[in-house]
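Please read the structure below before turning to the comments.
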Amino acid sequence: MKINCIIIENNPKYLNILQRYCYENDDLNWMGSYKNPLEAIDTINSFKTVLVFCNIGLLEEDPMKFTQHLKGNPMFVFRTKANASQTRIKGLKTIESIQDPITAQTVKNITKRALKILDFSALMETNIFPTDGTSLTSSKAIMVKYGHEAYQVSIDDITYIQGMQGALRIHMVNTPPVRTLMKITSLEEKLDTAKFVRIHPSYLVNITRITGIQKKKVKLNDIYLPVSDNFKPSLLDRIGQFE
């Protein structure tokens, strides 16, 4: 994946340095350079520019003139003077501040960080994602996001998952349930079908935790969950395969 980037810089020395290093970086797609921040807005908004290298001095006087026109949430890398008191601008997502000397390695390190941020942001949008970078079907643990926090959950410890109008409650062994905003069908598609089975529009069960089956219920130790007629054949088929 390549990151679109632009440069906002009025100092010829740093402009030439950044242009060269951005152009030579295989992970960056340099979209242009500007001396005036306001002239860069159309490019940032139109081409989904993600990374902006910017001389912070060009925004210090009246940053609102610039920030009020921005769309999305691009990442900013501000060039500042040594020992500068201001290294970020309110309302802008600052991931780094840089000073002399600016090297090719400086730009490479920043690009790697930006790529990690983008990958993490994409994962967090799903609300549930593996802890080891694999798929949910092969991961041993998942991170479950709710609000601004994320919780690690061992897949083997999950007993059942309860759907509640666009939200999920994940029940586990010897641990309080964890809630996340996600539809049960979305999670069902991601989990290992050999281990988890849908038994009801509102319930997804870990087969290894089932201790008994009745006509319209499954038992998980002292918990009974309803089984819908539509899901019963797949439950019985899956239990047979598991045995």
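Numerical summary
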quantity: Kirkwood hydrodynamic radius over Cα pairs of the chain, then Stokes diffusion coefficient at 4 °C and 1.567 mPa s, in µm²/s; calculated: 61 µm²/s
quantity: Computed accessible area, H69, all protein chains, 1.4 angstrom probe, square angstrom; calculated: 100 Å²
quantity: Prolate/oblate/rounded call for the range 1-116, Cα gyration tensor, a/c under 1.5 rounded; calculated: rounded
quantity: Protein accessible area in the chain, 1.4 Å probe - carbon and sulfur %; calculated: 48 percent
quantity: Dipole moment magnitude, nearest 20 debye, the chain about Cα centre, only Lys, Arg, Asp, Glu C-beta charged; calculated: 480 debye
quantity: Whether the range 168-207 is rounded, prolate or oblate, judged on the alpha carbon gyration tensor where a/c under 1.5 counts as rounded; calculated: oblate
quantity: Reachable lysines, given that their alpha-carbon falls under 28 Å from the alpha-carbon of K48 and they are not under 8 places away in the same chain; calculated: K2, K13, K35, K65, K71, K90, K93, K108, K112, K116, K145
quantity: Relative contact order of the chain, defined on C-alpha pairs under 8 angstrom at six or more residues apart (%); calculated: 10 percent
quantity: Sites K140 and T175 - FRET efficiency at Förster radius 22 Å, r taken between beta-carbons, to 0.05; calculated: 0.90
quantity: Relative packing of peptides 208-216, 110-118 - highest average C-beta neighbours within 10 Å first; calculated: 110-118, 208-216
quantity: Point-to-point label distance, D222-F47, nm (Cα→Cβ direction, 7 Å offset); calculated: 6.4 nm
quantity: Gain upon complete extension [I117, D27; 0.36 nm per residue less C-alpha separation]; calculated: 31.0 nm
quantity: Rh (Kirkwood; distinct C-alpha pairs) - the range 1-68, Å; calculated: 12.2 Å
quantity: Charge-dipole axis of the chain as Lys and Arg at +1 and Asp and Glu at -1 on Cβ define it, positive-most pick from L204, Y146, G72; calculated: L204
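The values are calculated or read from the model by the stated rules, or taken from the named source; none is laboratory data. Treat the numbers as computed from the prediction; the structure is a model and nothing was measured. Methodologically, a virtual Cβ is constructed for each residue, glycine included, from the backbone with ideal geometry; neighbour enumeration extends over all protein chains shown. We work out accessible area using only protein heavy atoms, side chains counted, and drop any ligands, DNA or RNA first. Shrake-Rupley method; radii C 1.70, N 1.55, O 1.52, S 1.80 Å.
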